[in-house]
1. Which numbered condition in (1) part of a helix (DSSP H, G or I); (2) in contact with a Phe, Trp or Tyr (Cβ under 9 Å, 6 or more places away or on another chain); (3) at pLDDT 75 or above is the only one that Ala393 fails?
2. Restricting region 424-434 to residues that are over 11 Å from the mean Cα position of the chain (by Cα) and either in a helix (DSSP H, G or I) or aromatic (Phe, Trp, Tyr) (or both), which is modelled with the highest pLDDT?
3. Out of (1) in a helix (DSSP H, G or I); (2) among the aliphatic types (A, V, I, L, M); (3) under 30 Å from Arg274 (Cβ atoms), the odd one out for Ala143 is which?
4. Of the residues Arg294, Arg305, Arg311, Arg283, only one is surrounded by fewer than 13 Cβ atoms within 10 Å (Cβ to Cβ) and within 36 Å of the chain's Cα centre (by Cα); which?
5. For the subset of region 66-95 comprising residues that are open to solvent by less than 60 Å² (accessible area, probe 1.4 Å) and of a type in the set (Gly, Ala, Ser), which member is modelled with the lowest pLDDT?
6. Name the one entry in Ala527, Ala573, Ala557 that is closer than 16 Å to His636 by Cβ and among the hydrophobic types (A, V, I, L, M, F, W, C).
7. Quick one: Leu466 ticks every box in (1) more than 14 Å from Pro394 (Cα to Cα); (2) open to solvent by 20 Å² or more (accessible area, probe 1.4 Å); (3) at pLDDT 80 or above except a single one, so which number is it?
8. Inside region 608-636, can you point out the residues that are over 44 Å from the mean Cα position of the chain (by Cα) and either open to solvent by less than 30 Å² (accessible area, probe 1.4 Å) or closer than 19 Å to Gly564 by Cα (or both)?
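The values are calculated or read from the model by the stated rules, or taken from the named source; none is laboratory data. Computed from a predicted model, the values in this text were never measured in an experiment. Here the Cβ positions follow ideal geometry from the backbone for every residue, glycine too, while neighbour counts run over all protein chains shown. These area figures cover heavy atoms from the full protein model, side chains too; ligands, DNA and RNA do not enter into them. Shrake-Rupley method; radii C 1.70, N 1.55, O 1.52, S 1.80 Å.
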Amino acid sequence: MAPADPSRSPPGLLARLAASHAWRRLGGWLLGAALTAAAALCGAWLLVPRTLAPRFPGDEALGTAAPVTIRATRDYEVPDVEATARLREEAAAAQPPVYDYDEGAAAEAVERVRAAFQASRQAAEDARRERRRATAVQAAARAALGDRLGIPLRDEELAALADHRAGDGPEQRLAALLAHALTGMVVEDRERLVADAERGIVVQTLRDGVPRGEGLVPDLALVRDLRTVRDELRREEATLPSAWPAALRQAVVRAAVLLQRPTLAFDLAETSRRQREAAQRVRPVILQVRRGERIIGAGERIERRHLVLFRGIQAQARAPDAATVRLGAAALLALLVLMAWPRAGARPTRRQAALLAVLFLGTVALAAGAAAAGDLLHDRFPRLPPEAFSLLAPVAAGALAVRALLPAELALRFALVSGLAAGLSGGHSLLFGLQALLTAVAAAGLGPRARSRLGLLESGAALGLLGVLLVLAAQLFLGRPMAEAVAPAALALAGGAVLVPAAAALLLPLSERALGAVTEGRLRALANLNHPALKDLIVQSPGTYHHSVVMGAMVEAAAREVGGNPLLARVCAYYHDVGKIRNPLYFGENQRGENRHDDLAPSMSALIVKRHVADGLELARRWRLPEPVAAAVAQHHGTRAVSYFWAKARKEAEEGKGPWEGAAAVDESLFRYPGPRPRTVEAALVMLADVVEASARAQADLTPDRVEPLVQRRTDELLAEGQLDEAPLTLRQLRAAGAAMARTLRGVYAARAAEPAAPPPAEGPGLHLVAKS
């Protein structure tokens with residue numbers, strides 16, 4: 001049996017409680033809630049001071065000097081009610097008056113005259129048929145004529161017109177006079193017409209009361225005055241037949257004068273309607289004030305336009321209770337964080353959550369500080385908008401650092417939340433909000449390149465170019481001249497290409513230390529073969545040491561092919577079997593003839609073999625190996641079975657040996673590693689290289705041309721067992737990794753083929769890395 005380790009002692013109650021799954025889950029939720037609340041409250045404090053309404057001078061300050069310089073805390077659109085009312089009045093006054101022209105007035109009057117005389121003749125004829133007296137016949141004719149004409153004629157005038165002894169002459173002359181007098185435009189008040197003509201006159205032509213079109217009066221000389229027309233009709237009495245009695249001539253002329261009416265009349269209702277529509281078409285006067293713009297400087301005289309801006313800003317931003325506003329901002333930020341909180345399988349650890357909260361607050365504070373600095377610099381450079389200076393702020397550095405250290409999903413969620421919050425803290429600027437959000441998202445995608453100095457510079461150049469494109473697109477969208485985009489684009493380029501890489505270079509080492517993550521310098525120190533752990537390994541387990549070094553070359557080449565971290569992969573390979581230091585002679589690569597498993601039960605042999613993972617984790621803690629390396633130690637066997645001893649136990653059970661009754665009764669869990677399965681690229685490559693190198697070492701007759709099929713078989717075995725299901729590798733990447741490993745092994749075994757064949761290792765435990773589960 002394996003010797004007992006006196007350094008191990010059973011964990012106490014508190015240790016067991018802390019290690020329980022439920023307690024860890026509850027603690028994670030509590031920590032996440034606490035960090036979310038802290039980030040929301042601190043972020044709200046950064047957001048709120050820029051949104052509270054300042055105090056402005058009142059109307060009584062008109063004409064006095066402003067005590068301080070007053071700036072707009074955000075973009076405002078203030079309606080100028082007085083200017084709008086004045087413009088609408090001017091628009092209504094400029095609307096030309098509308099006159100209605102009755103084009104059918106002459107025809108209507110002629111028809112009226114003819115109908116009246118016809119009615120008079122018919123009434124006289126009816127009275128004669130009834131054998132009435134002559135006076136009654138004349139009375140009936142006069143009554144019918146007067147009713148149809150509808151004008152106040154005297155009885156003697158009606159009698160003269162109704163006297164049919166003159167024939168139809170009076171009817172024809174009256175109709176002719178009216179047809180001439182009512183033809184054309186006749187207005188009642190020519191003085192008003194002349195006054196209205198200064199603004200232009202719109203004439204609306206009517207026929208039977210229905211508008212038929214409209215136009216402007218080309219010449220006022222074409223418009224006649226009603227009084228003038230009536231005077232002309234009175235003068236027409238001299239042109240009537242002298243054979244007619246004087247009473248008849250006077251009656252014809254007076255009837256024509258009374259029937260004369262204006263054909264062009266002012267339409268008050270239509271004019272008022274058009275004036276209202278003209279006033280409504282005038283858009284409200286809006287005074288636009290951009291964030292950071294100086295409304296009035298200290299000592300400047302307060303004018304009416306200043307008071308308009310003061311009233312408008314106060315109406316839009318009533319000074320609320322600061323605590324209420326901060327509570328609302330905190331709730332908004334908390335909702336952003338909760339909506340972006342990852343699913344159960346991708347939630348951050350406690351250290352990662354704390355780091356994300358600190359970087360989030362730093363990003364918001366940086367954006368708020370940049371906005372404040374932009375307001376101050378705007379005085380010296382008034383031609384540049386305040387948000388242009390905010391483009392210098394390296395708000396994408398946090399997302400770049402997060403992606404360089406954490407998984408892509410966490411980095412993308414962080415980029416979305418931090419970008420939105422930074423846009424809010426930047427003074428509600430569309431340009432800066434888009435810049436912060438999109439550059440943060442882009443940085444989350446470029447993060448893996450930031451692990452090296454060259455990649456960091458390349459990522460910065462890409463972010464700077466993206467910033468320039470966003471500035472140009474925003475200028476086009478806002479309709480501003482492209483000449484104004486030169487300076488903001490230059491600032492965006494400087495911020496992305498220079499300040500973001502510089503800030504990320506400062507953040508990365510600090511973040512790595514906070515996470516306990518591994519830096520490049522630390523990895524190089526661990527890759528040094530003079531490291532104490534590797535020295536112990538070569539002394540205690542020389543076969544394991546050789547196995548690990550060969551694996552290091554294999555995984556380093558594979559990591560380059562699939563976009564992993566080659567140095568981290570090599571270090572993981574060096575230390576993955578460090579636990580075999582405890583019991584080196586129980587593993588085939590360290591045995592020289594004697595096999596200690598021959599005297600052990602299969603279950604005990606499997607327990608000792610599996611124990612090297614737990615021993616490796618304990619030694620990793622002792623030597624303070626980084627978390628990714630320790631994870632590779634725990635995951636490099638996944639949940640595979642120690643198949644040799646499991647098969648041996650089943651065979652003994654079938655033969656009636658051992659504690660089991662039949663092969664089916666053998667408990668497979670005693671022969672299976674506890675896991676977890678590989679969850680990183682490097683851990684998955686270590687698992688694949690482990691089984692491939694062990695299989696290659698176990699085959700004494702392996703030739704270079706048989707290496708690649710061996711790698712393919714072992715890869716297929718792992719895929720079939722589902723050991724690589726949780727690793728972020730595609731099938732294409734696995735094929736590329738396998739090809740890289742095969743190339744490395746061919747180089748090793750091509751050199752070995754020229755050497756004398758070494759005796760094969762003892763069978764048994766050395767095959768636990770090869771056999772299928």
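1. Every listed condition holds for Ala393 apart from (1).
2. Among them, the one singled out is Phe432.
3. For Ala143, the failing item is (3).
4. Just a single option satisfies the conditions, and that option is Arg283.
5. Filtering first and then ranking leaves Ala72.
6. Being closer than 16 Å to His636 by Cβ and among the hydrophobic types (A, V, I, L, M, F, W, C) holds for just one of Ala527, Ala573, Ala557, which is Ala573.
7. Every condition holds for Leu466 apart from (1).
8. Result: Ile608, Val609, His612, Val613, Asp615, Gly616, Leu619, Ala620.
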